[in-house]
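Q: Let me begin by handing over the structure; questions about it come next.
The values are calculated or read from the model by the stated rules, or taken from the named source; none is laboratory data. Because the structure is a prediction, the values reported are computed rather than measured. With ideal geometry, Cβ positions are generated from the backbone for all residues, glycine too; neighbour counts draw on all protein chains shown.
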């Protein structure tokens, strides 16, 4: 109930700003344009994706560890499930070290996805998990620990020198969106994952506003979004900015069906396409069987956290490390093992029935 009350406050703020014309850049897509774009798409479902042999964004995109063969195999499994999108995190650390190489690998990734009927969306920045990162060999996973090697982007240390930070990040954002901003293989751009997480709260907002401005200057043909995820009072201004400036509305919800369905009803008041960019945490009652049919009924893009169980260890829960356990009895996230077999055949059957792949 508290979550919905806080969401209603954020929505009222956004609607009041829209009604009096405040805060608008004049460059955001109109609701009519966003809905016309969405009407051309089939219902879309997919996962937050990282290769199972990568512990974080840096390892996935670095020249030494980028694994096209693994991606091809895993996208083949996605195709078998009828999944047609993936949310994929990028890395400014890799870009700073090897900009041309990273863009070449992104192009290769998009070609592999296209081969398997998958149209991914890219997530550029992230406020979650380890505060510092560096290029080079990444740490090995800590047994039984959820996302033990995932990194914030940009790192906390970089944020202290805003002059240097802004120059680097402006180049990064504009180059990516100018290189791939007219590429039909890209579904959309998610500018920032969970802004304000890791106790940044609204200190992330100045850089988020800069990122949004740079993205608008690059003028991609795909829509921009910034997903809401936390309705604590300390996120009120962030939430209002994200909702007011996103072309399409994206959000995270790991709650049960009743709570999630209520959030969808509230967000529909904004009259824009809805993209659920994270859901599905079995121990919290957010499951494929309960949530995915509701998302399809409401034509909300359904993107769950995790696809192939791997080095991220997201089969373990956020706050419940189990270092002596190889595999929990009930996985927290993810769908299939590295040999392609599912954690749950019932779940896979549910997914395939909803995507039209069930024979």
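Q: I want to confirm something. Restricting to the range 273-294 and keeping residues that are touching a strand residue (DSSP E or B) at 6+ places or on another chain (Cβ under 8 Å) and without any contact (Cβ under 8 Å) to a residue 40 or more places away in the chain, which single residue is surrounded by the fewest Cβ atoms within 10 Å (Cβ to Cβ)?
A: Out of the qualifying residues, it is 274.
Q: I need the full set of residues from the range 254-272 which are surrounded by fewer than 20 Cβ atoms within 10 Å (Cβ to Cβ), in contact with a helix residue (DSSP H, G or I) (Cβ under 8 Å, 6 or more places away or on another chain) and closer than 20 Å to residue 28 by Cα, in order please.
A: Hits for the range 254-272 are 269, 270, 271.
Q: Of the residues 88, 94, only one is more than 20 Å from residue 314 (Cα to Cα) and without any contact (Cβ under 8 Å) to a residue 60 or more places away in the chain; which?
A: 94
Q: Moving on to the next point. Enumerate the helices (runs of 4 or more DSSP H) found wholly within the range 1-67, keeping only those where 3 or more residues are modelled with pLDDT under 65, over 20 Å from residue 153 (Cα atoms) and over 21 Å from the mean Cα position of the chain (by Cα).
A: Where helices (runs of 4 or more DSSP H) fall fully within the range 1-67 and carry at least 3 residues being modelled with pLDDT under 65, over 20 Å from residue 153 (Cα atoms) and over 21 Å from the mean Cα position of the chain (by Cα), they are 2-20.
Q: Out of 136, 144, report the one residue that is part of a loop (DSSP other than H, G, I, E, B), surrounded by 16 or more Cβ atoms within 10 Å (Cβ to Cβ) and over 19 Å from the mean Cα position of the chain (by Cα).
A: 144
Q: Residue 209 - would you say it is more than 15 Å from residue 87 (Cα to Cα), free of Cβ contacts under 8 Å to residues at least 40 places away in the same chain and not in a loop (DSSP other than H, G, I, E, B)?
A: Yes: the conditions hold for residue 209.
Q: When the range 118-154 is examined, which residues are found to be without any contact (Cβ under 8 Å) to a residue 60 or more places away in the chain and closer than 29 Å to residue 247 by Cα?
A: The one that is without any contact (Cβ under 8 Å) to a residue 60 or more places away in the chain and closer than 29 Å to residue 247 by Cα: 152.
Q: Within the range 184-200, can one find any residue that is more than 19 Å from the chain's Cα centre (by Cα) and either part of a helix (DSSP H, G or I) or within 25 Å of residue 235 (Cβ to Cβ) (or both)?
A: yes
Q: Next up: Which condition does residue 213 not pass, out of (1) buried (at least 22 other Cβ atoms within 10 Å of the Cβ); (2) over 25 Å from residue 55 (Cα atoms), if it passes all the others?
A: (1)
Q: Shifting gears a bit: Looking at this structure, is residue 236 part of a helix (DSSP H, G or I) and over 17 Å from the mean Cα position of the chain (by Cα)?
A: yes
Q: Considering only residues that are in contact with a helix residue (DSSP H, G or I) (Cβ under 6 Å, 6 or more places away or on another chain) and either modelled with pLDDT of 95 or more or closer than 18 Å to residue 89 by Cβ (or both), look in the range 224-233 and name the one that is surrounded by the fewest Cβ atoms within 10 Å (Cβ to Cβ).
A: Looking at the filtered set, the residue picked out is 224.
Q: So, residue 90, is that one crowded, with 16+ Cβ neighbours inside 10 Å and under 28 Å from residue 170 (Cβ atoms) or not?
A: Here the answer is yes, as residue 90 does meet what is asked.
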